[in-house]
Each structure stands twice: as structure tokens, then as C-alpha cells.
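Colleague: I'd like to ask some things about the structure below.
Every number here is computed from the coordinates shown, using simple stated rules; none is lab data. If you're wondering where the values come from, they're calculated on a predicted model, not measured in any experiment. Reconstructed Cβ throughout: ideal geometry from the backbone, glycine too, with neighbour counts over all protein chains shown.
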Amino acid sequence: MQQQITAHRTELVISGPTSPSVPVRLTSSVVTEVIRAARQSLLIVSFAAYGVADVIHELTNAAADGIHIDLVLEGSAEDGGTLRGGTGAPAAFASLRDHAIFWYWPAHRRPAAGNSRAALHAKIITADTHTALISSANLTDRALSSNLEVGVVLHDPNVIERLVQHFAVLMSPQANQLERLA
């Protein structure tokens, strides 16, 4: 019974100002833990991404260990995404081009949202189907270290498997939602 409870626990991740209510765990530390926990695959979904040299280093190590990496990232407005001012999130991970599969949500497949398009705004990292971080933090240096960000680490394989499967379906040609970035 205790093993089941431990296997399905949820942990809070709160970066930024501290309080006596919750121990603060830097989101950057948790991101590293989740990446290192992967044995077969990583699914990483983020809106904004830049900087994050430590994350790129960890992902490079994971790829060298044979971990399959899917990166689902928002693009710049010029590329059909919704990020304004600068390069899209895929540029942050350019050094992983040969080690990961990059995915994007094409503009023509996004529903209209008033005068603009819907955004890929999720922030998720899953290690296989046993650990997941769902967070408000983008993959940026500031979000991972100094912003006030809140997230949860899940250890419930049933929930995580459904989350991973959702993105697997979106990546499938049948769903016709996400496309591989060439």
C-alpha cells in the first residue's frame, strides 16, 4: 500500500520568493531531475524558450544515452507561431537538431482567437510515463530560477501515460495537428 501511495504522489514546485508554507524548490533543479529520470523518452512542451544552457546540456546527455526526445515548441510570429520579438523557441534548442525531433503547431491548423491565433502555451516535461513536471514556467533562465512560478511533479503513471498519449496523437499524421519541423 505504501508503495502505491509513494508511486502516485504529487509534489509542489514553487520558485521565487519563499514563505514558511511551502519549501521552495527551484524549477531548474526539478527540470534537471525529470530529464535525468528518463530511461527511454522525454516529451518537452514549452511556449517561450531561450538561454537554458543547463537544460540543453542535460538534454544533450540524455540523447547521448539513447533517450528519444520530442520537443514541441512555439514558433515566432514570423514562423506562424505567436511569440513576438525575436526568435521562436526552436532556436533555443538548435544544438539538439540532430538529437531530437522538433514539433510545431502550424498556423493554418490553429483556431482563431479574436484577431489572432491560438497559442501553444503548455509547459510540460515528461520522463517516460512515470514522472512529469507541469508548470507555469517557460524554458527560460529567468522562469527556471528567479520568477515566481508554480508547478507540480506527478508520479502517477496512469495520468502521465494519458498526457504523453495525448501528444502522441497530436503528432500522428491521422490527427493532422502537430508537424515535424524540417
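Colleague: Pop out the ³J(HN,Hα) list for segment 162-170 in order, Karplus 6.51 cos²θ - 1.76 cosθ + 1.60 with θ = phi - 60°, rounded to Hz; leave Gly and Pro as x.
Modeller: Each residue of segment 162-170 in turn: 5, 5, 4, 5, 4, 5, 4, 5, 4 Hz.
Colleague: Mind listing the long-range amide H neighbours of ALA48? Cut-off is under 5 Å, sequence gap 5 or more, other chains count too, H placed in the peptide plane at 1.01 Å from N.
Modeller: For ALA48, whose amide H was placed from the backbone, the distant partners under 5 Å are LEU139.
Colleague: Can you list residues whose amide H is under 5 Å from ILE69's amide H, if they're 5+ apart or on another chain and H is modeled 1.01 Å from N?
Modeller: LEU42, ILE101
Colleague: Could you work out which residue, out of VAL169, VAL152, VAL45, moves most in a Gaussian network model of the chain, that is, has the largest mean-square fluctuation with Cα springs under 10 Å?
Modeller: Looking only at VAL169, VAL152, VAL45, the largest GNM fluctuation is found for VAL169.
Colleague: How long is the gain from SER29 to HIS166 if the chain were fully straight, where each residue apart is worth 0.36 nm and the alpha carbon distance is subtracted?
Modeller: Taking SER29 through HIS166 to full extension adds about 46.7 nm, to one decimal.
Colleague: Work out, step by step, the length gained on full extension between SER116 and ALA175: first 0.36 nm times the residue separation, then minus their alpha carbon distance; give nm to one decimal. Display every interim value, and only then the final one.
Modeller: Working: separation 59, 0.36 × 59 = 21.24 nm, distance 2.27 nm.
Net length gain for the segment: 19.0 nm.
Colleague: Given the DSSP H assignment, sum -39500 (n - 2.57) over each helix run of at least 4 residues in the chain and divide by its residue total; what's the result at 222 nm in deg cm²/dmol, nearest 500?
Modeller: Result for the chain, helices only: -8000 deg cm²/dmol.
Colleague: A further question follows. Between GLY151, GLY66, GLY75, where does the largest GNM mean-square fluctuation fall for the chain, given springs only between Cα atoms within less than 10 Å?
Modeller: GLY66
Colleague: Mind checking the angle between helix 27-37 and the chain's longest principal axis? C-alpha axes, 0 to 90 degrees, to the nearest 10.
Modeller: Long axis of 27-37 versus the principal axis of the chain: about 90 degrees.
Colleague: Who wins for biggest fluctuation among PRO106, PRO17, PRO157 in a Gaussian network model of the chain, springs between alpha carbons below 10 Å?
Modeller: PRO17
Colleague: So how far apart, in nm, are the two label points at ARG142 and ALA63 if each is 7 Å from Cα heading toward Cβ?
Modeller: 2.7 nm
Colleague: Right, here's the next one. Just to compare against my own numbers: the Cα pair-distance distribution for the chain, 10 Å bins, whole % per bin, please.
Modeller: Binned Cα distances yield the sequence 10, 36, 37, 15, 2, 0.
Colleague: Using the 10 angstrom Cβ neighbour count as an exposure proxy, how do HIS57, HIS108 rank, fewest first?
Modeller: HIS108, HIS57
Colleague: Expressed as a whole number of Å, what is the distance separating the alpha-carbon centroids of segment 129-182 and segment 110-126?
Modeller: Using only Cα atoms, the two centres lie 14 Å from each other.
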